[in-house]
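Novice: Pasting a structure below so you can have a look.
No lab work stands behind these numbers, since they all come straight from the coordinates. Small disclaimer: the values here were computed from a predicted structure and weren't measured. No Cβ is skipped: glycine too gets one built from the backbone with ideal geometry, and neighbour counts run over all protein chains shown.
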Amino acid sequence: MKEANLLVRRIKNGTVIDHIDGGKGLHVLHALDIDGKDGNVIMIALNVLSQKFEKKDIIKVENKFLKEDDTNKLAVIVPKATVNIIKNFNVVEKRCLSLPDQIIRIFSCGNPNCITNSNENIETVMNVVDKKMLQCKYCKRILDVNKLTCI
Amino acid sequence: MVNRFFERNLTSVRDLTRADFELLFNVTDKIISHHATYDVCRGKTLGCIFFEPSTRTRLSFESAMLHLGGNTIEISSILSSTQKGESLGDTIKIISLYSDILVLRHPLDGSSKFAAEMSTKPIINGGSGTEEHPTQTIQDLYTMKKEMKKIDGLKIAIVGDLKYGRTVYSLLYGLSNYDVTIYLISPESLKIRTDSIYEIKKKLQILESTRLDDHLDDLDVIYVTRIQKERFQDKEEYFKVKGSYTIDKNVVKKMKRKSIILHPLPRLDEIPHNVDRSIHAKYFKQAEYGKYTRAALLGLIINNGFVNDISS
């Protein structure tokens, strides 16, 4: 594809996260702690028309090779996403997402009576049961990932 | 014998295996049969932190600690710095400096798990929100074993408020270690929260019903629970289900000859006082066992040698 046709330009080195469900791109940034404070260029495209999905989001992070532990979080948040590691404009790794054991800080517990929803200084920790179900480490409730809200 | 409880927290029944229960039951048997107090906790202090009302749990823990030669200190939300806005985390950190072991009752689910992370000393969950009440389950199962001579094979009905009753969830997790049949009897609006028994649903044989009468002649244990008025957001909803199940003399007449009635107490109108003299009524015995099962737990957590001391 010609550079002029690309919504966001190619990156020389870094990580490309593609096929993010439309509208979840910002959640992904939050989950991966990508805030631009390290000075790297971050390109985000939201609601891009896609052949596979109606709409998708794309994130490109220049000069940063995301660790596998980080990208595995996406297996729960955006399971259809793909992660490519780019070096010198070439895809050197198509990373398979595998389920992490835990997801820390990203989701609020859906149980309003859970200690994590109080004023205590406490991070949410979700144990991953499967792709659709998480378990709050504290109140032990089983939670449907699609019904959870991001912090 | 290995003491698996030494210096461990007890925040959830999920952490207990069948072998753990059996060890607790054996030690409890010894404590009761020796008719003696012990010195295994001499010089040790139990910190009781109760942010919700309690009679049996608090006093049985205190009594158990005294039985083992230890001391207790107590803090309640009314008299503590939480009234000034101090967090639970800070409160736990402070009390753990003054105690060797802590028992916490708190209205929020997951509070004891959090407290265990904040504390430098072992934490026992004395009731956390609508989540769990592990030490109640130890005494419930001990009572079943003692009064029915077994747990495997029992047909057990849990009746009443299955949605908000924390003892229910701990009991189900405890029973998942045994081969039992469970009847969950409740009004439609107070059915069990399936998201809280997800891990054990397949392990347990469960039958759900709104009618207790249909099963009375089949049951070995009727575990009655109070409708938890204080946990209803809408008080009208409470009055709709209040008094749904009353284990009165007419019900008792239909029970199997050797079946028993248990209740974690306090009771309201679900068991009339004239049932107390029935041979089936074991809820006061159950409350009494609470002191000894808690003594077994405290002794095992505090003193590694307790398991051997008590066997000799």
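Novice: Taking amide hydrogens as modeled 1.01 Å from N in the peptide plane, which residues meet the under 5 Å criterion relative to B:ILE101, leaving out close sequence neighbours?
Specialist: Counting only residues 5 or more places away or on other chains, the set is B:THR45, B:GLY47.
Novice: Select from A:LEU148, B:LEU207, B:LEU300 the residue farthest towards the positive end of the dipole of the protein assembly as shown; place +1 on Cβ of Lys and Arg, -1 on Cβ of Asp and Glu, and compute about the Cα centre.
Specialist: B:LEU207
Novice: Could you calculate the FRET efficiency of A:THR82 with B:ARG14 from 1/(1 + (r/R0)^6), where r is the beta carbon distance between them and R0 is 22 Å, rounded to 0.05? Don't skip to the end; give the middle numbers.
Specialist: Numbers: r = 37 Å, r/R0 = 1.66.
Once the sixth-power term is evaluated, E becomes 0.05.
Novice: Work out, step by step, the length gained on full extension between B:LYS285 and B:LYS84: first 0.36 nm times the residue separation, then minus their alpha carbon distance; give nm to one decimal. Numbers along the way, then the final one.
Specialist: Working: separation 201, 0.36 × 201 = 72.36 nm, distance 4.02 nm.
Stretched out fully, the B:LYS285 to B:LYS84 stretch lengthens by 68.3 nm.
Novice: Roughly speaking, what is the centre-to-centre gap between region B:267-302 and region B:106-136 when only Cα atoms are used, to the nearest Å?
Specialist: One Cα centre to the other: 21 Å.
Novice: For B:LEU207, enumerate residues with amide H under 5 Å from its amide H, sequence gap 5+ or separate chain, H modeled in the peptide plane.
Specialist: Distant-sequence amide H within range of B:LEU207: B:ILE182, B:TYR183, B:LEU184.
Novice: R0 = 56 Å: FRET efficiency of A:PHE89 with B:ASN304, Cβ-based, nearest 0.05? Please report the intermediate quantities before stating the final value.
Specialist: Working: r = 63 Å, r/R0 = 1.12.
With a Förster radius of 56 Å, E is 0.35.
Novice: What's the ranking of B:59-65, A:90-96, B:292-298 by average number of surrounding C-beta atoms within 10 Å, highest first?
Specialist: B:292-298, B:59-65, A:90-96
Novice: Also, quick follow-up: Can you tell me the orientation of helix B:88-98 relative to chain B, as the angle in degrees between its alpha-carbon axis and the longest Cα principal axis, to the nearest 10?
Specialist: 50 degrees
Novice: Charges on Cβ only, +1 for Lys and Arg, -1 for Asp and Glu, centred on the Cα centroid of region A:3-95; of A:VAL41, A:THR82, A:LEU66, which one is farthest towards the dipole's positive end?
Specialist: A:THR82
Novice: Follow-up. Nothing charged except the Cβ atoms of Lys and Arg (+1) and of Asp and Glu (-1): what's the magnitude of the dipole of chain B about its Cα centre? Round to the nearest 20 debye.
Specialist: In total the dipole reaches around 620 debye.
Novice: So in chain B, what percent of DSSP beta bridges are antiparallel if you round to the nearest 5?
Specialist: 5 percent
Novice: Among B:SER112, B:SER99, B:SER196, which one shows the highest mean-square fluctuation when chain B is modelled as a Gaussian network with alpha-carbon springs under 10 Å?
Specialist: Fluctuation is largest for B:SER196.
Novice: Same structure again: Using only Cα atoms, locate the centre of region B:212-259 and the centre of region A:44-72, then give the distance between them in Å, rounded to an integer.
Specialist: 55 Å
Novice: Is any residue of region A:112-143 close enough, with backbone N under 17 Å, to a label point placed 7 angstrom from the Cα of B:LYS202 along the Cα-Cβ axis, and if so, which?
Specialist: Backbone N within reach: A:128-135, A:142-143.
Novice: Continuing with the same structure: Any idea what the dipole of the protein assembly as shown comes to, in debye rounded to 20, about its Cα centre with Lys/Arg Cβ at +1 and Asp/Glu Cβ at -1? Could you put the intermediate results ahead of the total?
Specialist: On the way: 69 positive and 58 negative charges, 139 e Å.
In total the dipole reaches around 660 debye.
Novice: What fraction of the DSSP beta bridges in the protein assembly as shown is antiparallel, stated in percent and rounded to the nearest 5?
Specialist: Working: 33 of 68 bridges.
DSSP beta bridges in the protein assembly as shown are roughly 50 percent antiparallel.
Novice: Kindly state, to the nearest 0.05, the FRET efficiency for A:THR149 paired with B:ARG211, given R0 = 60 Å and r defined as their beta-carbon distance.
Specialist: Efficiency, rounded to the nearest 0.05: 0.95.
Novice: What spacing in nm lies between the two simple spin-label points modelled at B:ILE94 and B:THR194, each 7 Å away from Cα in the Cβ direction?
Specialist: 4.5 nm
Novice: When you look at the Cβ of every residue in A:115-123, what mean number of other chain Cβ atoms sits within 10 Å?
Specialist: Mean number of neighbouring Cβ atoms from other chains: 6.
Novice: Sticking with this structure for a sec: From the helices alone, meaning DSSP H stretches of at least four residues, give me the mean residue ellipticity at 222 nm for the protein assembly as shown, per-run term -39500 (n - 2.57), in deg cm²/dmol to the nearest 500.
Specialist: After summing the helix terms and dividing by residue count, I get -8000 deg cm²/dmol.
Novice: Which value, in debye to the nearest 20, gives the size of the charge dipole of region A:102-147 about its Cα centre, when Lys and Arg are +1 and Asp and Glu are -1 at the Cβ? Don't jump to the answer; show the numbers that get you there.
Specialist: On the way: 7 positive and 4 negative charges, 31 e Å.
Dipole size: approximately 140 debye.
Novice: Right, next: Round to the nearest 10 and give me the degree value, 0 to 90, for the angle of helix B:134-148's Cα axis relative to the longest principal axis of chain B.
Specialist: 60 degrees
Novice: Here's another thing I want to ask about it. Going toward the positive end of the dipole of the protein assembly as shown, with +1 on Lys and Arg Cβ and -1 on Asp and Glu Cβ, which of B:GLN139, B:GLY153, B:PRO122 do you reach last?
Specialist: Of the listed residues, the answer is B:GLY153.
Novice: Now for a different question. Roughly what would the spin-label model give for B:ARG257 and A:VAL41, points 7 Å off Cα along C-beta, in nm?
Specialist: Between B:ARG257 and A:VAL41, the label points sit 8.9 nm apart.
Novice: A follow-up question, please. Using only the alpha-carbon atoms, how far is helix B:56-67 inclined from the longest principal axis of chain B? Give it as 0 to 90 degrees, nearest 10.
Specialist: Roughly 40 degrees, rounded to the nearest 10.
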